[in-house]
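In what follows, a structure is listed as structure tokens, so that the remarks can point back to it.
The values are calculated or read from the model by the stated rules, or taken from the named source; none is laboratory data. Given the structure is predicted, the values throughout are model-derived calculations rather than measurements. Here the Cβ positions follow ideal geometry from the backbone for every residue, glycine too, while neighbour counts run over all protein chains shown. Heads up: the accessible areas ignore ligands, DNA and RNA and are worked out on the full protein's heavy atoms, side chains in. Shrake-Rupley method; radii C 1.70, N 1.55, O 1.52, S 1.80 Å.
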Amino acid sequence: MTQHAKILPSVCPLDCPDTCSLNITVEGDQITQVKGSEANPYTAGVVCNKVTRAYPDFVHGDKRLTHPMKRTGPRGSGQFERITWDDALDIIHGRFSAAISKHGPETILPFNYAGPHGELAGGSMDRRFFYKLGASLLNRGPLCGAVRGTAYSSLYGAAPGMPPEQAVHADLILVWGNNVTVSNLHMTRVLKEARSKGARVVVIDPKRIKQAEQADMHIHIHPGTDVVLAMALAAELERRDALNMGFITDWTVGFDAYMDQARSYTVEDVKTICRISAEQFHQLADWIVAAEKMATSLGNGMERGRSGGSGLRAAMALQALTGQHGHLGAGVIAKSGLSVPKTTDILQGSHLIPKGTRVFNIVDIAEKLQDETLDPPIKATMIYNHNPVATHPDQANMIKALMREDLFVVGCDVAMTDSMILCDVILPACTHFEHDDIFGAYGQNYLQRAAPVIPPVGESLPNTEIFRRLAAKFGFDGPEFLASDRDLMDQAMDGAHPQLNGQSPSEIAVDRAIGMTLRDGSPMIMCDTVKPATPSGRIELFSQNLEDRFGYGVPRFEPVPQDRRFALITPSSAKRTNATFGGHADSLGPEVVEMNPADAHDLGLQDGAEVTVFNGQGEVSFTLSVTDATRPGVLYSPKGTWRATSKTGLTANALIPAGIRTDIEDGACYNETFVDVRCS
């Protein structure tokens, strides 16, 4: 570090539950180092390797977008020319206006997801702009998160769950479908401390993740069968007279309907469907019976299968059935971020939405973009905070949809991604290091604010300013569109929350994090200081809402017929957060696909071989890694790769079906992907 270097505080905005506090080394206008800081006591100076390795290149590397551009060659050719911001906004205004004049405002589609998780960059002025425009609405949750969120709320409502740090007081912790070392890093410290105090840790995962090697038991479950295990456990605990009937009577509704379904699952089902031994099943049941304070940490892995909502609900319900609430260290580690006093409707300007505006499921967008029977059809879209080519199921169909010459595509991003290269006009966005924002995490309960540590790179602009300029171009001059970033931060949170001590959200110090508890300062303990926020005021084992909407009042297993030898799962990567950093050098080579040694032997495949994984949707090239960390009959390859990693120009997402959906919320079923393998 030179004598002129500065170390400045920041916050990681990536789509991850931890939302780490950061220390950024800046020399001149260059970020030279990214490390964790102690500002957030939960993340406590530790940050994942991918952030430290990839962020400086993400900000300053050769893929960084630094000025507006328009396409000059065939779509997808990468031929663009530099234009001014005025020219870019004029083109967008002209093409949007022409489409609206012919088809009406719903012909415009905002196509965004969760690139940055800052409240301002993630969804503020952009939502106001598209709401005022009258554009079609997008239901984003089904791509990821909605199934898990609805599973939780079906039981507990919008009440905050157990903060992860409380698990140090547990004597049994189930880590279920959550690769904590890759996508929930700071939970590993909690687990280590709990084990040092005598707690048992059980990892339930189709892959022997790193944490499983440091656990007391790894249950190597077959993908998508979690609901069978959880319901069979409920039935087994009832047979052992180990359910807490006092708690069930006082704090739950729907017990009889729930157990009627649970009793249909047997130990034999666990053996044949989950592919777990009876010995392991009974050992887990023994430990649950013996536990005085059990905690369950759930990731998004379970929601990626047809029965994902049921699996999540059944895993969470074990806490209620055994009375594992009401005590420090007992509960479901989820949704503690609900304690942050967000005022999202105010921030996003929900009052601007025209009544009756149509809503599309984000998983359906490739089809909707090609559907000329829509009234009106989609003739213009804007991709921002998203890389749909790298993240959506049925990748080839998404590429086909975005390749339509009669579709006007605007892109806005930090880097030239596989999606940006298909756009007509590209707008350069700032990274979060270059603008103000405020952060309420979804996996912990700390509120943080960040200020710029460097000026905008090139001509890039914050999302808020980009959409202010678009709003001005369209003549939107109401107070919603004149709000500064400082105003937006104050509109993002309830400044009257007692823990802000009368301080405006925009004035929160950038070198500390505010741990949000309850308004009276009490810790969040479900069925003690926190009450279920359901219609009944109790934990709802039977959900009338889910019964009415989806026909799943209680969890149940619905297998998807498997027509090929392998099930392919694509969990989180140690190199990328979803597709972010997919252009970094660490991710540019061929991605690995992991296979069990027994399968490799049967197919005559060697470790390190080039293989092609294929089904009726496409073919993708990988480097084979032979390991018993992966179950027989299951392949594992990390998600978020870019097209350059495969000789076929397609990634694992090309193999994932878009038509199979989850039991609740009509979500994407990434794990219901069935493939074959051959040597390349």
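How large, in percent, is the carbon and sulfur part of the accessible surface of the chain at a probe radius of 1.4 Å? Let's see the in-between values first.
On the way: 11710 of 23800 Å².
Whole-percent figure for carbon plus sulfur exposure: 49.
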11 Å reach of a label modelled at Thr272, 7 Å along Cα-to-Cβ, counting backbone N of the range 215-247: none
statement: Packing-ranked peptide list from 346-354, 198-206, highest mean Cβ count within 10 angstrom first, is 198-206, 346-354
field: the chain: relative contact order in percent, alpha carbon pairs under 8 Å with at least 6 residues between
entry: 21
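Measuring with a 1.4 Å probe in the full set of protein chains, what accessible area per residue, in whole Å², belongs to the range 1-149? Please report the intermediate quantities before stating the final value.
Working: 5660 Å² over 149 residues.
Normalised by residue count, the accessible surface of the range 1-149 is 38 Å².
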task: Count neighbours as other Cβ atoms within 10 Å of each site's Cβ, and list the GluC sites (Glu not before Pro) in the range 249-353 that are DSSP loop with at most 13 such neighbours.
output: Glu292
- prompt: Against the longest alpha carbon principal axis of the chain, how many degrees, from 0 to 90 and to the nearest 10, is the axis of helix 85-103 turned?
  reply: 70
Angle in degrees between helix 49-60 and the longest Cα principal axis of the chain, rounded to the nearest 10: 10
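Give me the compactness ratio for the range 286-389, meaning the Cα radius of gyration over 2.2 N^0.38 Å. Present the calculation step by step, with values, prior to reporting the outcome.
Working: Rg = 20.8 Å, N = 104, 2.2 N^0.38 = 12.8 Å.
Normalised Cα radius of gyration, the range 286-389: 1.62.
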Qualifying trypsin sites (Lys or Arg not before Pro) for the range 267-365 [loop in DSSP, other Cβ within 10 Å: at most 13]: Lys355, Arg358
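Mind putting a number on the dipole of the range 386-479 about its Cα centre? Charges go on the C-beta only, +1 for Lys and Arg and -1 for Asp and Glu, and I need it in Debye to the nearest 20. Please report the intermediate quantities before stating the final value.
Working: 6 positive and 12 negative charges, 32 e Å.
Taking the Cα centre of the range 386-479 as origin, the dipole is about 160 debye.
For the range 466-518, what is the Kirkwood estimate of the hydrodynamic radius, computed as the reciprocal of the mean inverse distance between distinct Cα atoms, to one decimal in Å?
On the way: mean 1/r = 0.0773 Å⁻¹.
In the range 466-518 this quantity evaluates to 12.9 Å.
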- line: Note on the range 191-247: the mean projected area of its alpha-carbon convex hull, in nm², is 5.3
- prompt: Mind checking the angle between helix 308-321 and the chain's longest principal axis? C-alpha axes, 0 to 90 degrees, to the nearest 10.
  reply: 50
- line: Highest mean packing first, using Cβ neighbours within 10 angstrom, the peptides 421-433, 395-407 sort as 421-433, 395-407
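Give the value in nm², to one decimal: projected area of the alpha carbon convex hull of the chain, averaged over all directions.
28.8
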- line: accessible surface per residue for the range 163-226, probe 1.4 Å, DNA/RNA/ligands not counted, whole Å² -> 32
- request: Considering the options His103, Asn501, Gly329, tell which one lies farthest towards the positive end of the dipole of the chain, charges being +1 on Lys and Arg and -1 on Asp and Glu at the Cβ, about the Cα centre.
  value: His103
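Just how large is the dipole of the chain about the Cα centre, in debye to the nearest 20, putting +1 at every Lys and Arg Cβ and -1 at every Asp and Glu Cβ? Present the calculation step by step, with values, prior to reporting the outcome.
Numbers: 63 positive and 79 negative charges, 75 e Å.
Dipole size: approximately 360 debye.
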- line: Computed about the Cα centre, the charge dipole of the range 27-150 from +1 Lys/Arg and -1 Asp/Glu charges at the Cβ has a magnitude in debye, to the nearest 20, of 520
query: If you find the alpha carbon centre of the range 560-621 and of the range 237-284, how far apart are they in angstrom?
result: 35
field: Between the range 108-128 and the range 458-479, the Cα center-to-center distance that results, in Å
entry: 13
